[in-house]
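Heads up: the structure comes next, in structure tokens.
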Amino acid sequence: MRLQAGCEIVVEAEADCAVVAMLRPRSNAAQWLVSETWRFTPQVRPSEYIDGFGNVCQRFIVPRGRMTIRAELEVETDADIATPGTAPATAPALLPPDTLQYLLPSRYCPSDRLFDDVLDIVGDASPGAGQVEAICGWIRRHVVYRYGESNASTDAIETMRHGAGVCRDYAHVGIALCRALRLPARMVVGYLYGLEPMDLHAWFEVWLDGRWYTCDATQADPRGGRIVVAIGRDAADVAFLTNHGGLSTVDMQVWVGLTPAG
């Protein structure tokens, strides 16, 4: 399917503020970036680099006052996503080297403190796909999707205790529990076609039997129509805007729709 997606973000800086934006998707085996248009008002010329996770990052200065950042994208992506079925877990000794960092505890995913909890959650589910399904089912039953219940410092354990959060919190819980089972798991952010309410979205991926599988506990059924913008260990690695100074978000609009030929 071919999607038209984008966002418009209005920010305000107290003084000239250095910013790193992570809003530009890359073409890969799962998606093709057909076209993109960028507008910065007032105009700036960002420099770009690729971070350690393969994400495209744009560096620029937001001058004192307000700036509008607008991205318009056309992306071809899969209408359906692969499900793990009965995919088994891979023994840690046999994991590819680039997946090993996704076994470690991280800022928002303290998996080393969840070993006992995850065993109660998965019970006798089969190692691998069965355990991941049990984790996603537990999150849907025990975490309510609700704004205002979490903030920028909320980690997976706090979300599990409070039983409420938004998409990034759902992803952090899933990642932390998977890692506690020694299943590599990473955070993904981007766009989801048909998301209600529409916003930039977060989910997670887990490595099973030689590949990454998409997991999204905020959705009742597996859904494609996803545009991946960035991946990382947790939200600290995939912030859409990272500011090095005083900066506030005044407004943000997000849209995803089918192209006429989609």
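Can you pull the Rg over Rh of the chain, Cα-only, Kirkwood?
Dividing the radius of gyration by the Kirkwood radius yields 0.97.
Mean residue ellipticity at 222 nm from the helices of the chain, using -39,500 (n - 2.57) per DSSP H segment of n ≥ 4 over the full residue count, to the nearest 500 deg cm²/dmol?
-5000 deg cm²/dmol
Looking at the chain as a GNM with Cα springs under 10 Å, which of Arg211, Arg186, Arg168 has the largest mean-square fluctuation?
Of the options given, Arg211 has the highest mean-square fluctuation.
When N is the residue count of region 182-262, what does its C-alpha Rg come to as a fraction of 2.2 N^0.38 Å?
Cα Rg divided by the expected 2.2 N^0.38 Å: 1.26.
Give me Leu177, Leu208 ranked fewest to most by other Cβ atoms within 10 Å of their Cβ, as a rough exposure proxy.
Placing the least packed residue first, the sequence is Leu208, Leu177.
Fully extended, how many nm does the chain gain between Leu119 and Asp251 (0.36 nm per residue separation, minus their Cα-Cα distance)?
Here the answer is 43.3 nm.
Tell me, Thr86, Thr214 in order of fewest to most beta-carbon neighbours within 10 Å?
Thr86, Thr214
Going from the alpha-carbon gyration tensor of region 92-222, what semi-axes, largest first and in whole Å, does one get by taking the root of 5 times each eigenvalue?
22, 16, 14
Taking neighbour counts of Cβ atoms within 10 Å as a proxy for exposure, in what order, fewest first, do Ile9, Ile69, Ile50 appear?
Sorted ascending by nearby Cβ count, the order is Ile50, Ile9, Ile69.
Rg and Dmax of region 11-159 over Cα atoms: what are they, in angstrom?
20.4, 57
Return the percentage of antiparallel bridges among DSSP beta bridges fully within the chain, rounded to the nearest 5 %.
For the chain, the DSSP antiparallel bridge percentage is about 95.
Please give me the summed charge of the neighbours of Thr259: other residues whose Cβ is under 13 Å from its Cβ, Lys and Arg +1, Asp and Glu -1.
-2
Lys and Arg at +1, Asp and Glu at -1: add these up for the other residues within a Cβ distance under 12 Å of Cys136 and post the number.
After counting each charged neighbour, the total is -1.
Throughout, read-outs are computed from the coordinates displayed, never taken from laboratory work. Source: prediction; values computed, not measured. For neighbour counting, all protein chains shown are included, and Cβ atoms are generated from backbone atoms with ideal geometry for every residue, glycine included.
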